[in-house]
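Colleague: First, the structure itself, so that you have it in front of you.
We did not get these values from a lab; they are worked out from the coordinates using the rules stated. Keep in mind it's a predicted model, so treat the numbers as computed, not measured. Cβ placement follows ideal geometry from the backbone for every residue including glycine, while neighbour counts extend to all protein chains displayed.
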């Protein structure tokens, strides 16, 4: 019996916000497994702001998705057939399985996961790439010191919410910037010391109020006006971590550069970019530490799970309109 | 006999390019020296891009010059009267003596200099604040490694010319960006591996040509389009040193932020500001090392000396129009 697979490929490079016609939903027959291969039934697919960048042409930290190619995505699934000695049927794996129902793999880049310890969605969220991005971006690049003030933008998102909680665990004051009262309420639930609603008024004044000694670490997921506001409130020797710039990803005009970048000079501060792949060798230790924090109730995770692979084009937009609450992912039926 | 002093004070905060009416040229009687004071005849006054920032209101790394206050300036002079045990008549000193003929001082912030070793103008130039800015900005912030590519903007200026020469001394490839064929010829004379004339065409293409492996250290004195072009050509883990942004100092519109700052993310690169005052404890060692390089013919200095204190308002503009060749200073009659 031939098994059918369904998947999304990139049909056109989006201009501005991605449209449904930028993707093609395709059906095809799965090949018969060769020796050393395994078949994974994809269960949960991570939707991330970074996907928008992968759809663009041009040099980046990873090659662009080609037109007609399977949409790249991190995911988690169950092994349902295996001719690979290291992956048993019934086990679970995570990796870049793509936006599809089934993935055939030779095992490269797959990591086994144990669903008896943590629910599968959490492994794509706080114990997956977003959590690891928060962990290494904050601790290795931001280098917070107990007593300092850490501000994070996109604070209710999958990365930002973990940044603030790890800042608290490390004895820092955590201030989150997010859009709307509901998200700000969520930040306070998570233990953030202050939450700033960027839709509610003057971000600069709010930062002055909540960071009276200035910002020691600014972890930026957003860019644009929020980055510019934060730059005006840096403490001496502040570290700005450039993790992303979701406000700029769908621009059809040039990116808005940070007009206040000379604050780096005045404050002897730095702005540093980071890409999570560089820390791969340390992922297991970081996941172990974060799992301990979760078990101790110090680190909480929230997922926003959309049902159905075919919902991908609409679901992705929730990231850019700010509609998701927690780590956005698809559950594949 | 009462001695007359002449000086420039700040009459108005400039809007855009400073105008002669932004300054007042004043004559006043010098006071009689008190115990612990000395009188310095100012000989050479340093004119620096940073002066433009000091004329603006607002928080910076140093307090703004007040309206009616003596224009702040680094200078060098001769002690002509002294009631201070540590400063003998006939000796020479450097410090923030200001834009005036004579300075009365209690000795705070003054450093003795020995004109028998190096001509006085060089002590305001390569062995003064500009040379020290180049030294610490390149070596401490830029952290160049032998074999890497160092690019400097404003390369024919007092700071930039020293950055390129120190890069060469440390075994790096030095590429300078300057305006016009004469300045580019000067860079080649100084031993730069390549000189890019930003007035002659496509800076990005020229950087690609002269930095085939990308830019490891970008030392920026200029900001604006040149910073943006350099950001597109960063090597992985590049360091961008923000020393100044002369293209933006006379803006009447907001500063142009670097639109390509997300290159920091893609390349895991950093952008760090620096202020020379932070390195004061290490100035003597740095001056000693640079003096050795000068004596060995590895480090050359050039000064552009304008005669007459009263020339200040016009002379200052040479910095912003790019007309100066070498470190700009006034010689006081």
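Colleague: By how many degrees, 0 to 90 and rounded to 10, does the Cα axis of helix A:283-295 deviate from the longest principal axis of chain A?
Modeller: 70
Colleague: Restricting to the protein assembly as shown, compute how many DSSP beta bridges are antiparallel as a %, nearest 5.
Modeller: Roughly 55 percent of the DSSP beta bridges within the protein assembly as shown come out antiparallel.
Colleague: Rounded to the nearest 5, what is the percent of antiparallel bridges among the DSSP beta bridges in chain A?
Modeller: 55
Colleague: What ranking do B:137-144, A:170-177, B:16-23 get when scored by the average of other Cβ atoms within 10 Å per residue, highest first?
Modeller: In descending order of packing, they fall as A:170-177, B:137-144, B:16-23.
Colleague: Specify, for chain B, the residue whose C-beta is closest to the rotation axis mapping it onto chain A, with the distance given in whole Å.
Modeller: Nearest to the symmetry axis by Cβ: B:257, 2.
Colleague: With a cut-off of 8 Å between alpha carbons and a minimum separation of six or more residues, what is the relative contact order of chain B in percent?
Modeller: Normalised by residue count, the contact order of chain B is 17 percent.
Colleague: Then there is this: When each copy gets a label point 7 Å from Cα toward the beta-carbon at residue A:147, what are the spacings between them in nm, shortest first?
Modeller: For residue A:147, the other copies' label points sit at 4.2 nm, shortest first.
Colleague: Just to confirm the number: angle between the C-alpha axis of helix B:160-169 and the first principal axis of chain B, 0 to 90 degrees, nearest 10?
Modeller: Tilt of helix B:160-169: around 60 degrees.
Colleague: Label position 7 Å from Cα toward Cβ: report the copy-to-copy distances for residue A:16 in nm, one decimal, ordered from shortest.
Modeller: Going from nearest to farthest copy, the values are 3.5 nm.
Colleague: I've got another one for you. Please label the shape of segment B:129-277 as rounded, prolate or oblate, based on the square roots a ≥ b ≥ c of the eigenvalues of the alpha-carbon gyration tensor (a/c under 1.5 means rounded; beyond that, a/b larger than b/c means prolate, else oblate).
Modeller: In terms of gyration-tensor shape, rounded.
Colleague: On to the next question. Give the average, rounded to an integer, of partner chain Cβ atoms located within 10 angstrom of each Cβ in B:236-243.
Modeller: Mean number of neighbouring Cβ atoms from other chains: 3.
Colleague: Run the simple label-point estimate for residue A:30 and residue A:143 please: 7 Å along Cα→C-beta, distance reported in nm.
Modeller: Reported label-point gap for residue A:30 and residue A:143 is 4.9 nm.
Colleague: Let me ask something else. Assume the label is 7 Å from Cα along Cα to beta carbon: what separations in nm does residue A:213 have to the matching positions in the other copies?
Modeller: Once sorted, the set of distances for residue A:213 reads 4.3 nm.
Colleague: Sum -39500 (n - 2.57) across every DSSP H segment of at least 4 residues in chain A, then divide by the residue count to get the 222 nm mean residue ellipticity, nearest 500.
Modeller: Value at 222 nm, helices only, nearest 500: -6500 deg cm²/dmol.
Colleague: Hey, can you rank A:55-63, A:192-200, A:245-253, B:156-164 by average C-beta count inside 10 Å, highest first?
Modeller: B:156-164, A:192-200, A:245-253, A:55-63
Colleague: Relative to the first principal axis of the alpha-carbon coordinates of chain B, what is the inclination of helix B:312-321, with its axis defined by its Cα atoms, in degrees from 0 to 90 and to the nearest 10?
Modeller: 0
Colleague: Also: R0 = 41 Å: FRET efficiency of residue A:285 with residue A:78, Cβ-based, nearest 0.05?
Modeller: About 0.95, to the nearest 0.05.
Colleague: A follow-up question, please. Quick check on segment A:54-154: take the gyration tensor over C-alpha atoms, sort the square-rooted eigenvalues as a ≥ b ≥ c, and tell me if it's rounded (a/c under 1.5), prolate or oblate.
Modeller: oblate
Colleague: What does the structure give for A:76-89 when I average, per residue, the other chain Cβ atoms found within 10 Å of the residue Cβ?
Modeller: For peptide A:76-89, the averaged partner shielding equals 0.
Colleague: May I pose another question? For residue A:253 paired with residue A:2, estimate the spin-label separation in nm (one decimal), with each label point 7 Å from Cα along the Cα-to-Cβ line.
Modeller: In this crude spin-label approximation the distance works out to 5.1 nm.
Colleague: To continue, here is another question. How many Cβ atoms of partner chains, on average, are near each residue of B:250-256 if near means within 10 Å of its Cβ?
Modeller: Mean shielding count: 2.
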